[in-house]
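Report on the structure given below.
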Amino acid sequence: MKLKAIVVRIIRQFIRDKRSLALMIVAPLLILTLTWLVLDQESYQPKLAVEGAPAPLKAAVQDSMLEIVEVEDPGQALADSEIDALLEADGQYIHVTIDNSKPNQAEAVKMGLQEALASRSDRQVPDISVEFLYEDNAETTFDYTGPVLIGFFAFFFVFLVGGISFLRERSQGTLERLFATPLKGWEIILGYISGFGLFAVIQSFIVALYAVYVLGVPLNGSLWLVILVTMLLSLSALTLGILLSSFARNEFQLMQFIPLVIVPQAFFSGMFNLDNAADWVAYLEYCMPISYGADALKEIMIKGNGLADIQVDLYVVLGFSLLCYLLNLGTLKAYRK
């Protein structure tokens, strides 16, 4: 009978807690669906621009696992990662430039070129030179995903710590006592963001330095830009964590937001190739702040680009933080009433 009483109590508790009950059903289905959308794709076909190639060579490349695309400026398209390689032919001399910022695509380009040259009908053996676009390239999978992981882990842990800390401020009555002071709502939110943000800045320094100088993640650009991007990502995670903590009564309920908010960020952070995904799936990436931060980190660390090349990403991440800040003001006003 005692065992039955415990079982009945747990069942009633779950039935009353509609959020936990819905999470147990909806979250696995959501994550499973996202996994299917991201991984259920056809094999990626590398894109290649060709200049000056004879007809037999061009036909052989077209019949291989490579896709020939027409672009106005092949050099710029290669730098912008719109294509994976550029093949330039001059008689029997062939020069190939490969975008090696994505190791899997670079390896696929080399395999495709080997297949195309081996199947040439004219049987002529050309002189081939291969050049990689970036000297300090990502040689391993971790080298390529390292910049993404820097941004993702900074985002995740700041979201978790910031959300729980602000939730405790509410549950312990500290926030109510602040309402009795002359402080305005925007000052309260800004104060919390500044206080928590100090530790986010410290975390950004430590994570970036450790990844570069201890783990050896390639760094072709400015370390200060890496820290700046990581700090902005942490700021967006902090404002989002504070916002979602307003809809939770305890730490357990806040943790329930992780599979709904954080896991999708991982799927669309750039760790998975979405080139062959449906267009509407790729559009989901535009709603994820981590995708912009991770893209900026890859531009800096792998490609060696500067501030001008990542300013759009920075504006979007900053805009997301501002949006969450304004929403925080609205939820704080409602909570105050």
The pairs in K184/K298; K18/K333; K110/K298; K47/K303; K110/K303 lying past 30 Å Cα-Cα in this model are K184/K298
Protection proxy (average C-beta count within 10 Å per residue), highest first, orders 77-89, 209-221, 170-182 as 77-89, 209-221, 170-182
Total charge of the residues flanking S291 in space, meaning their Cβ is under 10 Å from its Cβ, with Lys and Arg +1 and Asp and Glu -1, is -3
Scaled by the rule-of-thumb 2.2 N^0.38 Å, the alpha carbon Rg for segment 271-337 gives a ratio of 1.46
The whole-number value in µm²/s of the Stokes-Einstein translational diffusion coefficient for segment 187-325, with Rh from the Kirkwood sum over alpha carbon pairs at 20 °C and 1.002 mPa s, is 133
Dividing the mean separation of Cα pairs under 8 Å (6+ apart) by the residue count of segment 247-301 yields a relative contact order in percent of 34
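Values in this text are rule-based calculations from the coordinates and carry no lab data. Not measured: the values here are computed from a predicted model. When we count neighbours, we look across all protein chains shown, and the Cβ atoms used for this are built from the backbone with ideal geometry, even at glycine.
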